[in-house]
Amino acid sequence: MEKNTKFVNFFDELGKEDVPLVGGKGANLGEMFGTKIPVPEGFVVNVNAYKNFLSTNQGIKEEISKILAETDIHNSAMLEQNTRKIRELIMSVKMPQEISDEIKKAYHKLCGQNDTFVAVRSSATAEDLAEASFAGQQDTYLNIIGEDNVVYNVQKCWASLFTGRATFYRTEQKFDHMQTYLAVVVQRMINSQVSGVMFTASPITGEDVIIIEAAYGLGEFVVGGVVTPDTYLVDKKTTNIIDKKISIQKIGLVKKDGITKQVDINEIYQNAQKLSDDKIKKLADVGKLIEQHYKAPIDIEWCEEYGKIYVVQARPITTIKKEGVEGEKVKEETDEETKANKETNEKKVLLSGFGVSMGIASGIVKIVRDTSELSVIKMGDILVTRMTTPDMVPVMKKASAIITDEGGMTCHAAIVARELGIPCIVGTKTATKELTNESTITVDGKKGLIYEGRIALEGAKKKVKKDAEEQQVQQIMIHSLLITSTEIKGNVDFKEVAEKAVEAGADGVGLLRSEHMFLEIGEHPKKLIEENRKEELVTKIMNGIRDVADVMYPRPVWYRTLDLKTDEFKALKGGENEPEEANPMIGWRGIRRSIDEVEVLKCEFEAIRRLRDDDRLTNIGVMLPMIQHPSEIRKAKELASDIGLDPDKMDFGMMVEIPAAALIIDDFIKEGISFISFGTNDLTQFTLALDRNSAHVAKLYNEHHPAVLKLIDMVIKACKENNVKTSICGQAGSDPKMVEKLIIMGIDSVSANIDAIETIRRVAARVENKLLIESARKNFMDKRINFNKE
Ligand code: PEP
Ligand code: MG
């Protein structure tokens, strides 16, 4: 199709072949538009605009290249600082007038007479996406109104090409920064009166039935499980409505003048069918149209505005049949892994252990016997140690794989490695003795095997590139997440991981462990307090929390107060006087210590108060670890109130990690908590009397033990009766089989490792739909029985 303007193309001019001009998202929105799938109207500021912007502003291109050439991407402080400089540079120059004029003209054409709200979304070109990891790295801005704001936000999208993370990946993948282009989609925001989701096949059985959920207002309340939507079952062939389940909806979320607010639904509408029969059929037709176009069952997010239906997001549900709820928790093997696996079959296995973080990596063995030897680890080495400790995290980040003698699925090494996405094998018992320092090995973190030598991976890249176009269709056009009423959150400790969590569509952070933050400070917090450096401590805690809460905002982030053990405190400067405990795991840790030494806890609360009040990071909540008696909650709440943090006006909850807490959960609820989160790592350890760090008892460690499940079930029941939210942040939250059980028990949210979020979301969707369909069928069968009786 002919393109009318130099810098802007409306959706109706575009098709999927236009990726080089308008990026994947733009091209695919155009493609949908062209096939009469009702997507909100819009246009794309094409890559020529970006190219022209760079070349017109003399010197900017050279300046960017110069800054990039001087940047060591492995020095994260430098990377952050220099990329910020580039972004500021891009924002500091004026957009050429012929581009801004075209954007403004297009915006007015889109709006008609009055300015309307639009979404401004980055759309990367094919070259960008040749590697999957580039997807979704640039920014999107919602609810933008007015021509100047639109122009400004287009420029902001361009600047977002140079975030630290995107720059890091491009350098690593040897992409030329200056040959990577960005288009920007400007699309009308929809002010939905009714919204919901639709599956064009049963997500569980693949059965040819269309399932539609509908509720008044914006979709967030449906997604967040705040309201129960209507459910309609539609026969796919005839579009006859097979069944309807109408729910009462008392509140809804609406957008007025750009502001989103909760409203009460008028009583006469509460019990009414949310979408008319006619609209249900129309929507089912849209579903069929999209399914035919993409030749796969589709999961769609839709909304209705002034009687017209729009598709906001859609994605093929291709993986559903491949992996049952009972299926393995692993992600599908990538080509690189397959290739590596093939070659490893011919190699010599040196040692085995528990594979606790997937992936394959080769590197040089560096055996570390104590923290004084940590400096031997260089980028890409394999860290071999008896057991990692929190103060090893900075070097763990450099390692290409981690191997330990001790540990099981929930030990420190496993937790951090999974979070950082580094292959890891624990519980080898003898790695520090049997592996040879400076030798080259290959680690298979899925199978738990360690091989001699390096595994070549050549050849894998080609396939990745070949798949890029397909991925694009899946990732962008259809850029959507399965909708689950169970919130799927992530366990996040670092800013980089928070960014990944956002990309993975996490609904929040269900566990922000503070331990790493304190260890990065490097000095015992008590030492800082004694040296009158309290302000420094508060600032450092604030920086650590802000790093995550800012990226995640407005999604909730539950900060867990300090839970270092005495042996871990020892590693800090000033930690020499820490007491010697025979069993630090059941010793002076968590809330019991915080209450004995209130000054540190007060600093944590002070940091949160300032972030919530001054930085408006009201998404931060507090979670107390190792709670065993209600008085601990009472005391913590008093301390919080003393420094001006009102525990009753925020998420303020406790971990259930000790059987005592589960057994008398009602007493804790009476103290006033807004949520609980199962720390199944400790709960299993303490229920079964199994040291979670001992490789010798790891085979007995089992979160599915009936006693553990019984405690969990008891707590969920009690909390549900009292409107206390329930969640899980232990490792079992990343285990599909456990999540299936928890959803059936009625858990409200699950916080998983970042790499497990996608799998867990699919499991949750499947289980929820299974429950939904079972109930709809039962309802239907009951009606049929009654009908037959009549
Ligand atoms: C737990 O005990 O399950 C938990 C999440 O806490 P940690 O692993 O930090 O002890
Ligand atoms: Mg714990």
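If a residue must be free of Cβ contacts under 8 Å to residues at least 24 places away in the same chain and either within 16 Å of ligand 2 (Cβ to nearest atom) or more than 23 Å from residue 619 (Cβ to Cβ) (or both), how many such residues does the range 630-645 contain? Spell out how you get there, then give the answer.
Initially, the range 630-645 is screened for residues free of Cβ contacts under 8 Å to residues at least 24 places away in the same chain, giving 631, 638, 641.
The next check asks that each one be either within 16 Å of ligand 2 (Cβ to nearest atom) or more than 23 Å from residue 619 (Cβ to Cβ) (or both); those that pass are 631, 638.
Result for the range 630-645: 2.
Residue 395 falls short on exactly one of the conditions (1) aliphatic (A, V, I, L, M); (2) part of a loop (DSSP other than H, G, I, E, B); (3) surrounded by 19 or more Cβ atoms within 10 Å (Cβ to Cβ), and that condition is (2). Report whether or not residue 537 is closer than 22 Å to residue 611 by Cα, crowded, with 19+ Cβ neighbours inside 10 Å and more than 16 Å from ligand 1 (Cβ to nearest atom). For residue 537, the condition - closer than 22 Å to residue 611 by Cα, crowded, with 19+ Cβ neighbours inside 10 Å and more than 16 Å from ligand 1 (Cβ to nearest atom) - is met.
So if I check each of 166, 159, 201, which one is modelled with pLDDT under 75 and among the hydrophobic types (A, V, I, L, M, F, W, C)? Lay out the reasoning, then the answer.
Working: 159 fails: modelled with pLDDT under 75; 201 fails: modelled with pLDDT under 75.
Exactly one residue qualifies, and that residue is 166.
Looking across the range 659-674, the residues that are crowded, with 22+ Cβ neighbours inside 10 Å and either more than 16 Å from ligand 2 (Cβ to nearest atom) or among the β-branched types (Val, Ile, Thr) (or both) come down to 665, 668, 673.
Could you check the range 600-617 and list, in sequence order, the residues that are out of contact with any Phe, Trp or Tyr (no Cβ under 7 Å at 6 or more places or on another chain) and in contact (Cβ under 8 Å) with a residue 40 or more places away in the chain? Please lay out each step first, then the result.
First, pick out the residues of the range 600-617 that are out of contact with any Phe, Trp or Tyr (no Cβ under 7 Å at 6 or more places or on another chain): 600-607, 609-616.
600, 601, 602, 603, 604, 605, 606, 607, 610, 611, 615 - these are the residues of the range 600-617 that are out of contact with any Phe, Trp or Tyr (no Cβ under 7 Å at 6 or more places or on another chain) and in contact (Cβ under 8 Å) with a residue 40 or more places away in the chain.
Just to check your reading of the model, which residue among 282, 342 is in a helix (DSSP H, G or I) and at pLDDT 55 or above?
Working: 342 fails: at pLDDT 55 or above.
Checking each option against the conditions leaves just 282.
Return yes when residue 648 is surrounded by fewer than 15 Cβ atoms within 10 Å (Cβ to Cβ), away from ligand 2 (no atom under 16 Å from the Cβ) and under 31 Å from the mean Cα position of the chain (by Cα) and no when it is not. Criteria met by residue 648.
Got at least one residue in the range 778-790 being out of contact with any strand residue (DSSP E or B) (no Cβ under 8 Å at 6 or more places or on another chain) and not in a helix (DSSP H, G or I)? Yes, the range 778-790 contains a residue that is out of contact with any strand residue (DSSP E or B) (no Cβ under 8 Å at 6 or more places or on another chain) and not in a helix (DSSP H, G or I). Per the conditions (1) part of a helix (DSSP H, G or I); (2) more than 16 Å from ligand 2 (Cβ to nearest atom); (3) touching a helix residue (DSSP H, G or I) at 6+ places or on another chain (Cβ under 9 Å), the sole criterion not satisfied by residue 516 is (2). The criterion of at least 2 residues that are among the charged types (D, E, K, R) and more than 13 Å from ligand 1 (Cβ to nearest atom) is met by none of the strands (runs of 3 or more DSSP E) wholly inside the range 590-708.
Of the residues making up the range 548-589, those that are under 15 Å from residue 515 (Cβ atoms) and part of a helix (DSSP H, G or I) are 548, 566, 567, 568, 569, 584, 585. Taking the range 744-755 as the range and being of a type in the set (A, V, I, L, M) and within 16 Å of ligand 1 (Cβ to nearest atom) as the test, the residues that pass are 747, 750, 752, 754.
All of 743, 712, 716 fail the test of being in contact (Cβ under 8 Å) with a residue 60 or more places away in the chain and out of contact with any His (no Cβ under 9 Å at 6 or more places or on another chain), apart from 743. Identify the single condition in (1) part of a loop (DSSP other than H, G, I, E, B); (2) in contact with a Ser or Thr (Cβ under 8 Å, 6 or more places away or on another chain); (3) farther than 15 Å from residue 619 by Cα that residue 507 does not satisfy, given that it satisfies every other one. It fails just one condition, (3). Quick check on my filter: what residues within the range 675-707 are hydrophobic (A, V, I, L, M, F, W, C), within 16 Å of ligand 2 (Cβ to nearest atom) and surrounded by fewer than 20 Cβ atoms within 10 Å (Cβ to Cβ)? Selection gives 688, 689, 690.
Please enumerate the residues belonging to the range 610-629 that are away from ligand 2 (no atom under 16 Å from the Cβ) and more than 25 Å from the chain's Cα centre (by Cα). Once the filter is applied, which keeps residues that are away from ligand 2 (no atom under 16 Å from the Cβ) and more than 25 Å from the chain's Cα centre (by Cα), the range 610-629 yields 610, 613, 614, 629. Residues of the range 32-81 that are within 30 Å of residue 306 (Cβ to Cβ) and not aliphatic (A, V, I, L, M): 33, 34, 35, 36, 38, 40, 41, 42, 43.
Could you say whether any residue in the range 725-743 is more than 13 Å from ligand 1 (Cβ to nearest atom), part of a helix (DSSP H, G or I) and within 29 Å of residue 430 (Cβ to Cβ)? Steps first, answer last, please.
Restricting attention to the range 725-743, the residues satisfying the condition of being more than 13 Å from ligand 1 (Cβ to nearest atom) are 725-726, 736-737, 739-743.
If we keep only those that are part of a helix (DSSP H, G or I) as well, we get 736-737, 739-743.
Those left that are additionally within 29 Å of residue 430 (Cβ to Cβ): none.
No, the range 725-743 contains no residue that is more than 13 Å from ligand 1 (Cβ to nearest atom), part of a helix (DSSP H, G or I) and within 29 Å of residue 430 (Cβ to Cβ).
When the residues of the range 548-559 are filtered to those that are surrounded by fewer than 24 Cβ atoms within 10 Å (Cβ to Cβ) and under 15 Å from residue 511 (Cβ atoms), the one that is farthest from ligand 1 (Cβ to nearest atom) is 555. Consider the range 243-279 and keep the residues that are among the polar types (S, T, N, Q) and at pLDDT 85 or above. The one that is nearest to residue 29 (Cα to Cα) is 276.
So, residue 374, is that one within 26 Å of residue 699 (Cα to Cα), out of contact with any Lys or Arg (no Cβ under 7 Å at 6 or more places or on another chain) and away from ligand 1 (no atom under 16 Å from the Cβ) or not?
Values: within 26 Å of residue 699 (Cα to Cα): no; out of contact with any Lys or Arg (no Cβ under 7 Å at 6 or more places or on another chain): yes; away from ligand 1 (no atom under 16 Å from the Cβ): yes.
In short, no.
The single condition from (1) within 13 Å of residue 604 (Cβ to Cβ); (2) under 12 Å from the mean Cα position of the chain (by Cα); (3) not charged (D, E, K, R) that residue 537 fails is (2).
The values are calculated or read from the model by the stated rules, or taken from the named source; none is laboratory data. The model shown is predicted, which means the values in this text are computed figures rather than measured ones. A quick note on method: Cβ atoms are made from the backbone with ideal geometry, for glycine too, and the neighbour counts reach across all protein chains shown.
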